[in-house]
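Have a look at the structure below, then the notes.
The values are calculated or read from the model by the stated rules, or taken from the named source; none is laboratory data. From a predicted model like this one, the values you see are computed outputs, not experimental measurements. When we count neighbours, we look across all protein chains shown, and the Cβ atoms used for this are built from the backbone with ideal geometry, even at glycine.
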4 protein chains.
Amino acid sequence: MKEITRTPMVILNFKTYLESTGKNALKLAEISEEVAQETGVNIAVAPQHADLLRISSEVEIPVLAQHVDAVDAGGHTGSVLLESIKEAGAVGTLINHSEIRMKLADIQNVVAKTIEHQLVSVVCTNNVETSAAAATLQPTFVAIEPPELIGSGIPVSQAEPEIVEGTVEVIHQIDPGVKVLCGAGISTGDDMQAALKLGSEGVLLASGIILADDPKAALTDLVSKI
Amino acid sequence: MKEITRTPMVILNFKTYLESTGKNALKLAEISEEVAQETGVNIAVAPQHADLLRISSEVEIPVLAQHVDAVDAGGHTGSVLLESIKEAGAVGTLINHSEIRMKLADIQNVVAKTIEHQLVSVVCTNNVETSAAAATLQPTFVAIEPPELIGSGIPVSQAEPEIVEGTVEVIHQIDPGVKVLCGAGISTGDDMQAALKLGSEGVLLASGIILADDPKAALTDLVSKI
Amino acid sequence: MKEITRTPMVILNFKTYLESTGKNALKLAEISEEVAQETGVNIAVAPQHADLLRISSEVEIPVLAQHVDAVDAGGHTGSVLLESIKEAGAVGTLINHSEIRMKLADIQNVVAKTIEHQLVSVVCTNNVETSAAAATLQPTFVAIEPPELIGSGIPVSQAEPEIVEGTVEVIHQIDPGVKVLCGAGISTGDDMQAALKLGSEGVLLASGIILADDPKAALTDLVSKI
Amino acid sequence: MKEITRTPMVILNFKTYLESTGKNALKLAEISEEVAQETGVNIAVAPQHADLLRISSEVEIPVLAQHVDAVDAGGHTGSVLLESIKEAGAVGTLINHSEIRMKLADIQNVVAKTIEHQLVSVVCTNNVETSAAAATLQPTFVAIEPPELIGSGIPVSQAEPEIVEGTVEVIHQIDPGVKVLCGAGISTGDDMQAALKLGSEGVLLASGIILADDPKAALTDLVSKI
């Protein structure tokens with residue numbers, strides 16, 4: 001069973017690295033599944049759209065899309081229809097990642113569509129203020145990621161702990177049902193432990209694992225101190 | 001063999017209709033393959049990104065993506081990497097469709113990447129002037145589609161034949177190696193015949209076939225007067 | 001004195017009509033000033049960026065920009081810097097109008113900059129959900145405008161009163177200091193009266209006045225039943 | 001008389017620096033006018049939209065906008081209507097600057113509108129290929145600026161002379177009536193001299209003058225070796 005909302009949660013964003021595209025993407029998803037099974041930690045993967053089916057048909061862990069467009073079925077050539085990623089086996093989607101920021105009206109539209117289709121939504125945000133705004137839309141998760149730390153190797157839990165704590169606090173005021181993830185610069189077991197201590201219920205990460213010399217070892221370390 | 005550049009050429013754009021998403025997309029691709037085999041006409045299909053692998057692994061006709069983003073491998077969450085659609089079995093891509101217009105610099109970037117990766121490029125344009133500009137970039141095809149006729153049921157070959165003829169003329173001046181397709185409002189054998197008479201080497205179409213009561217009959221009719 | 005936040009408030013959005021560009025914009029601003037003086041109602045005008053200085057230097061009523069980009073001073077050719085509209089005499093700006101929707105992160109950035117520069121912010125929204133999200137950012141006003149009614153001549157206060165009431169209710173829960181305006185289809189004194197009865201503190205409107213045969217008469221009628 | 005197309009031509013892009021906003025923008029335009037009068041070189045300035053009227057009403061040198069949107073008069077809140085910048089005294093506009101890249105269809109639309117309104121168009125491009133595409137649209141100028149050199153202080157005429165020469169060559173093949181400017185990293189008299197030797201008919205520049213300790217001295221030096 002794909003328990004996408006059991007926490008602590010690790011979401012591995014495959015981005016558009018060649019190391020996580022096509023056959024490499026499948027390999028990385030299989031490694032993620034192994035670590036999930038060996039450690040019991042809930043790990044989800046977010047590959048590119050063209051890789052969703054390849055991966056969802058081969059692994060048992062939850063698969064998320066990286067993005068969905070705010071369009072309904074019809075004449076929208078090149079856009080990502082929510083129904084298409086669902087039929088390709090995704091159980092949810094990232095929304096508003098810092099590398100593909102969305103209009104407020106479109107974030108609301110896509111979160112509402114995920115609710116209607118019983119999919120999981122992970123709305124990414126850049127600071128406490130936008131996290132509060134995102135929480136009013138009732139997504140499954142808000143993932144706070146200060147953009148200046150993404151891919152930096154400096155963990156948000158260490159560089160700007162007050163942003164994680166502030167986000168947890170304001171979101172719990174607005175809607176205690178919304179879970180908080182944190183991201184940006186996370187790669188080790190210490191980073192993840194710190195993230196959970198600050199009140200988040202998991203992490204969203206990418207390069208720290210994907211570009212590691214040994215992704216399996218890196219992922220195993222990441223979840224070792226939960 | 002997937003002879004993507006043999007003309008006359010029919011490209012069926014699946015857009016984001018539910019009738020051409022997921023399992024329905026595969027069914028429509030199989031129908032297209034049947035008609036291609038029965039008639040000998042070169043028919044390609046352009047499904048959504050999440051459906052590329054599902055289709056390319058099941059049919060022998062050429063499969064195109066609907067869009068590729070102007071990004072290189074790396075941190076570009078949610079974007080469509082050319083390498084990802086290639087590994088999912090696409091032999092080329094539509095570029096700059098009227099429903100997802102692109103920046104000039106990005107069109108040039110993606111056309112150059114298709115050349116580097118030996119993929120087919122179909123740059124969509126809206127008038128004679130932008131067709132000329134697109135032709136300087138040396139794509140495989142320029143597909144001229146006056147946007148006001150897209151999905152209208154009024155064929156461009158009848159409503160604005162001078163746009164097709166003007167495009168053919170100006171492109172042949174700039175680079176005779178670039179082939180011209182025409183689209184917008186095309187659905188019948190008469191429309192396609194008229195399009196070829198105006199100097200184009202094929203058509204790009206969508207709703208006229210996808211939303212037809214009997215897509216196979218519609219597609220068979222489309223190619224009946226070549 | 002330019003009392004931009006005294007309610008009830010009327011904001012006349014000049015959009016990009018020729019009837020409200022350049023010299024015509026100044027004329028319309030002068031008419032608006034006359035009606036404000038004759039009736040005592042607080043009327044503000046929102047002309048195009050190139051017309052801000054022309055108007056702010058000639059009339060005493062508040063002048064707003066139609067949009068500001070989320071950029072800081074520097075290398076951002078073609079963008080609208082908040083400091084530039086302030087120096088051109090604007091006392092605030094519309095933000096996220098339905099005709100120029102913005103990313104959530106950018107809305108937050110611009111609202112924060114208006115607060116820092118002591119300018120008025122009017123964040124436009126399309127439904128109750130995005131109004132709630134906008135309210136968490138603490139703008140001066142949230143202007144709820146169902147996009148399907150903009151320019152329709154069908155007043156939102158009549159067609160979808162529950163959207164106005166719902167917005168007023170949810171915003172007062174989140175931050176009672178945020179004032180609610182309503183727009184879309186508003187043009188007569190009855191429309192404005194209905195908008196105020198639903199709990200809004202004013203209106204945002206455009207074509208109903210700008211394209212009227214006699215804008216002064218139309219504006220006078222609009223504020224006649226307050 | 002504002003001889004906007006007499007070459008060699010210097011276009012000073014004010015971008016969104018505070019040093020070239022509002023009253024500072026006027027001061028810089030007056031300095032540019034002085035240098036133009038003292039040296040006889042054709043110097044134009046491109047301030048922000050909100051500063052166009054302030055400057056065009058005070059100086060005799062040509063004033064350009066930094067950007068125009070591809071919209072016609074009507075309901076386009078926040079967009080830059082060509083008619084608005086014309087009425088504010090602009091005699092032309094930059095188009096597709098690297099900091100506000102435009103869709104191909106929109107570049108074509110705006111160039112066509114400048115021709116219709118007898119305004120000057122300066123289409124910025126990033127490489128030889130996009131310069132060729134831009135030239136087919138018959139703008140007054142194509143300004144080639146490799147984006148990686150913008151604001152770098154390394155002049156394109158020295159770092160990548162082949163891009164300037166290649167652009168001059170390809171544009172003269174496509175339409176000898178289109179003049180070539182070059183930009184990126186230009187700040188001294190030597191840079192400008194080199195740019196002209198490579199076949200360009202002038203330069204587009206910004207920070208090298210605007211952020212100079214003594215802008216008048218910097219501008220005088222720039223045009224000293226023509």
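Of note:
- Hey, D:M102 free of Cβ contacts under 8 Å to residues at least 40 places away in the same chain, more than 7 Å from chain C (Cβ to nearest Cβ) and either touching a Lys or Arg at 6+ places or on another chain (Cβ under 9 Å) or buried (at least 19 other Cβ atoms within 10 Å of the Cβ) (or both) or not: yes
- Test: residue in the stretch D:100-112 that is closer than 18 Å to D:I4 by Cα and part of a loop (DSSP other than H, G, I, E, B): no
- Subset of the stretch B:206-220 [farther than 13 Å from B:S20 by Cα and surrounded by 20 or more Cβ atoms within 10 Å (Cβ to Cβ)]: B:A218, B:L219
- Residue check, B:K197 in contact with a helix residue (DSSP H, G or I) (Cβ under 7 Å, 6 or more places away or on another chain), surrounded by fewer than 20 Cβ atoms within 10 Å (Cβ to Cβ) and either without any contact (Cβ under 8 Å) to a residue 24 or more places away in the chain or among the charged types (D, E, K, R) (or both): no
- Screening the candidates A:V111, A:V123 for the property of being farther than 27 Å from A:T188 by Cα and either more than 8 Å from chain C (Cβ to nearest Cβ) or buried (at least 20 other Cβ atoms within 10 Å of the Cβ) (or both) yields one hit, A:V111.
- Any hit, the stretch C:6-17, residues being part of a helix (DSSP H, G or I) and either basic (K, R) or without any contact (Cβ under 8 Å) to a residue 60 or more places away in the chain (or both): no
- Subset of the stretch B:51-71 [at the interface with chain A (Cβ under 7 Å from one of its Cβ atoms) and either among the β-branched types (V, I, T) or free of Cβ contacts under 8 Å to residues at least 12 places away in the same chain (or both)]: B:V71
- Within the set D:I115, D:I95, the sole residue that is under 16 Å from the mean Cα position of the chain (by Cα) and either aromatic (F, W, Y) or within 30 Å of B:V128 (Cβ to Cβ) (or both) turns out to be D:I95.
- Taking (1) touching a strand residue (DSSP E or B) at 6+ places or on another chain (Cβ under 7 Å); (2) more than 23 Å from B:I107 (Cβ to Cβ); (3) without any contact (Cβ under 8 Å) to a residue 40 or more places away in the chain in turn, D:E116 satisfies each apart from (1).
- The set of residues in the stretch C:63-87 being in a loop (DSSP other than H, G, I, E, B) and acidic (D, E) consists of C:D69, C:D72.
- One residue from A:E129, A:E60 being of a type outside the set (F, W, Y) and outside any helix (DSSP H, G or I): A:E60
- Boolean, B:E129 is under 24 Å from D:Q138 (Cα atoms) and modelled with pLDDT of 95 or more: yes
- Condition broken by D:A132, with the remaining ones in (1) within 15 Å of the chain's Cα centre (by Cα); (2) crowded, with 20+ Cβ neighbours inside 10 Å; (3) free of Cβ contacts under 8 Å to residues at least 60 places away in the same chain satisfied: (1)
- For the stretch B:18-41, filtering for residues that are free of Cβ contacts under 8 Å to residues at least 60 places away in the same chain and in contact with a helix residue (DSSP H, G or I) (Cβ under 8 Å, 6 or more places away or on another chain) leaves 8.
- Sole residue being of a type in the set (S, T, N, Q), under 25 Å from B:L82 (Cβ atoms), touching a residue at least 60 places away in the same chain (Cβ under 8 Å) and touching a strand residue (DSSP E or B) at 6+ places or on another chain (Cβ under 6 Å), chosen from B:T140, B:T125: B:T140
- Scanning the stretch D:81-98 for residues that are surrounded by fewer than 24 Cβ atoms within 10 Å (Cβ to Cβ), farther than 15 Å from D:S57 by Cα and either charged (D, E, K, R) or at the interface with another protein chain (Cβ under 7 Å from one of its Cβ atoms) (or both) returns a single hit, D:E83.
- Within the stretch C:200-209, the set of residues being farther than 19 Å from C:K15 by Cα and in contact (Cβ under 8 Å) with a residue 60 or more places away in the chain comprises just one member, C:E201.
- The single condition among (1) at pLDDT below 95; (2) under 21 Å from D:S207 (Cα atoms) that D:N96 does not satisfy is (1).
- Any hit, the stretch A:12-29, residues being within 13 Å of the chain's Cα centre (by Cα) and of a type in the set (A, V, I, L, M): yes
- Positions within the stretch B:134-158 being among the aliphatic types (A, V, I, L, M), in a loop (DSSP other than H, G, I, E, B) and within 12 Å of chain D (Cβ to nearest Cβ), in sequence order: B:L137
- If you filter the stretch C:1-46 down to residues that are within 14 Å of chain D (Cβ to nearest Cβ) and polar (S, T, N, Q), you find that the one that is surrounded by the fewest Cβ atoms within 10 Å (Cβ to Cβ) is C:N24.
- Scope the stretch A:145-175; condition closer than 14 Å to A:A133 by Cα and either without any contact (Cβ under 8 Å) to a residue 12 or more places away in the chain or surrounded by fewer than 17 Cβ atoms within 10 Å (Cβ to Cβ) (or both); matching residues: A:E169, A:H172, A:Q173, A:D175
- Filter result for D:K2 (of a type in the set (K, R) and either at pLDDT 95 or above or within 30 Å of C:M102 (Cα to Cα) (or both)): no
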